[in-house]
Amino acid sequence: MISYIIPALNEEGSIGRVIHKIRSIDPTGEIIVVDSNSVDRTAEIVRSLGATLVNESNLGYGNAYKKGFSEAKGEIIATLDADGTYPPEEIPTMLEYLNKGYDFVSGERLTNSSREAMSLQHLIGNKILNIFTKLLFMVNIKDSQSGMWLFRREILPHIMPSGSGMEFSEEIKIRAATSFCYKEIPIKYARRMGEKKLRPWKDGTSNLLFLLKFRIRSGIRTRSFRCSRS
């Protein structure tokens, strides 16, 4: 069984569509929406569609995922955003790579994203963070900020990030790529539905500083895991 973890904050305009798409490709999957005190109809919609709703009052992207992971029962964990930007229909393809022996598969947005979905500012910021990730950790990660992943639950204790905010995304990939068989595949990245919550300059700067501190303090290995699969 796959457990789908979806952080949400005031996403009444999109969360229903995301749940319906997941159900269309995986009717038996466990869908867990981690709500951070939404003030709109997000929680109501989640409950009405039969998905599991859990609350995490501590704001932060990483905090939401940690809460969701603690509730998940599936042998495989998938992550998506509640704003409709990530394509659930890519999950079967990602699952094929896990079945081939990969441990962690991440959706790479930059190859197929349109300017409508990702602004030039956002694209440049992502590429800068990718360059620093490669230089500091010597890992072949093309999209360090992607929020769509599929991985084996058994590796979670070894890759669980310490961060509680947006840096969670890059940290989990670095830990996966340096210790397990890691794969990225291009995915289509759509324009978000609803209000944007990303703060490009603030979040980008924070993520960059995190990378520098993480490299100094973590003692993590600085090369990609030797994976024989192509």
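Laboratory data are not the source of any read-out in this text; all were calculated from the coordinates shown. Note that the coordinates shown come from a computational prediction; the quantities given were computed from them, not determined experimentally. Cβ sites come from the backbone with ideal geometry, for glycine too, and all protein chains shown count toward neighbours.
The alpha carbon convex hull volume per residue for the chain rounds to 111 Å³. Measuring from centroid to centroid over Cα atoms, what is the spacing of the stretch 119-169 and the stretch 19-80 in Å? Spelled out, the Cα-based centre of one part sits 21 Å from the other. Between Arg223 and Lys127, the contour length at 0.36 nm per residue exceeds the alpha carbon distance by 32.6 nm. Annotation: the residues Val54, Val39, Val46, Val34, sorted from fewest to most other C-beta atoms within 10 Å of their own C-beta, follow the order Val39, Val54, Val34, Val46.
Checking the Cα-Cα distances for Lys66/Lys213; Lys73/Lys213; Lys73/Lys183; Lys21/Lys67 against a 27 Å cut-off, the pairs over it are Lys73/Lys213.
Among Thr93, Thr42, Thr28, sorting on how many other beta-carbon atoms sit within 10 Å of each Cβ, with the fewest leading, yields Thr28, Thr93, Thr42. The length gained on full extension between Glu96 and Asn55, counted as 0.36 nm times the residue separation minus their Cα-Cα distance, comes to 11.6 nm.
When only the Cβ of Lys, Arg, Asp and Glu is charged (+1, +1, -1, -1), the dipole of the stretch 1-132 relative to its Cα centre reaches about 140 debye.
The label point for Leu135 and the one for Leu209, both projected 7 Å from the Cα toward the Cβ, are 1.9 nm apart. By the Cα gyration tensor, the stretch 44-177 has an equivalent ellipsoid whose semi-axes, rounded to whole angstrom, run 23, 19, 17 from largest to smallest.
In terms of surrounding Cβ atoms within a 10 Å radius of their Cβ, Cys227, Cys181 rank from fewest to most as Cys227, Cys181. Distances between placed amide hydrogens fall under 5 Å for Glu184 paired with Ser106, all partners being 5 or more residues away or on another chain.
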